[in-house]
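A quick write-up on the structure given underneath.
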Amino acid sequence: MVGWQNGWWTAVLLVATLASIGCFEESVVVKVNRDGSGVIHVRSYQQKTKLFSFGSADSSESSKDEEDETVPPPPDAKLQRVAKALGPGVRVQQAVSKTNAHGWKGFEVVFAFDDIDHVVLHDELLELGDDDEEEDEAEAKANDNTTKWLADTRFRLQDDRLVILQRPSQKSPAGESADREPPATTDPFAEASKSGPAGPIMSEAMLQSMAAALKDARVGVFVELEGGIADTDARYYSDQQVTLLKAELGPLLKQPKALEQMKRIEDLPAAQFRAELQELVEEIDGLEVDTNPEISVGFAS
């Protein structure tokens, strides 16, 4: 669970901060057929409303222009690179600009695959709309051990069951790097005087303002089975899907104490972190995370 502990929760708050120009909706749905084929459907939308704005004589005209603008999908070169990273045989099936039910502009991308056993999810699926000018930087993000949510989620199809393996490989398990002696260097900051622990980055009033501005912002990752679900040990599921992650930023930002608790457990060993995170999730409004490293889902007959 390396990815969850070294940055995933910080990333939630960072996304909220960066998204202050408007609400956003990011989701990934992996649909798996009985024969192992399927699609990965990525949706990315944003509401162009600014958290802090100032009126002007031509503000209504500029707002109208923004409403009429479409959001292009990522360039084909980027989509092809993402498809390759998802596994052998994964291909781009569709990439189109769309407007969602709220009237938000965005795009949807569909990747198709022939064998779910060869598919490896990664966090770039939730970052397709980000600008990455350098391909090397994007590749570095894909290989980073501190990915946020998907972090090399894999699958295994066994007869009429799909097994979801979350973070199966850990190159640097939690606590391992902390036990190593750092290389000998001279750092002028190491002996610098400290002013004491830092206070909160945002006041509660600011968090409440952001919560109001981002009340509809959300991120989700789901797995859907052809024909529905017969049984599962997933914590969150419906007749058709299991939920790996669902985060609603508005309710989350209204719970500053809960956010502090999440920060405090980030450096715990993996097993303890999973257990304590799951307990916290049950008490936090707006967050569903299944921390089980292996989830089994049966196809409905």
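Derivation of every value follows stated rules applied to the coordinates shown; laboratory data play no part. Bear in mind that the values here come from a model prediction, so they are computed numbers and not experimental data. Note: ideal-geometry Cβ built from the backbone for every residue, glycine included; neighbour counts use all protein chains shown.
Placing a label point 7 Å from the Cα of Asp239 along the Cα-to-Cβ direction, the residues of segment 258-301 with a backbone N closer than 19 Å are 297-301. Between Gln261 and Ala77, the simple spin-label model (points 7 angstrom out along Cα→Cβ) gives 4.7 nm.
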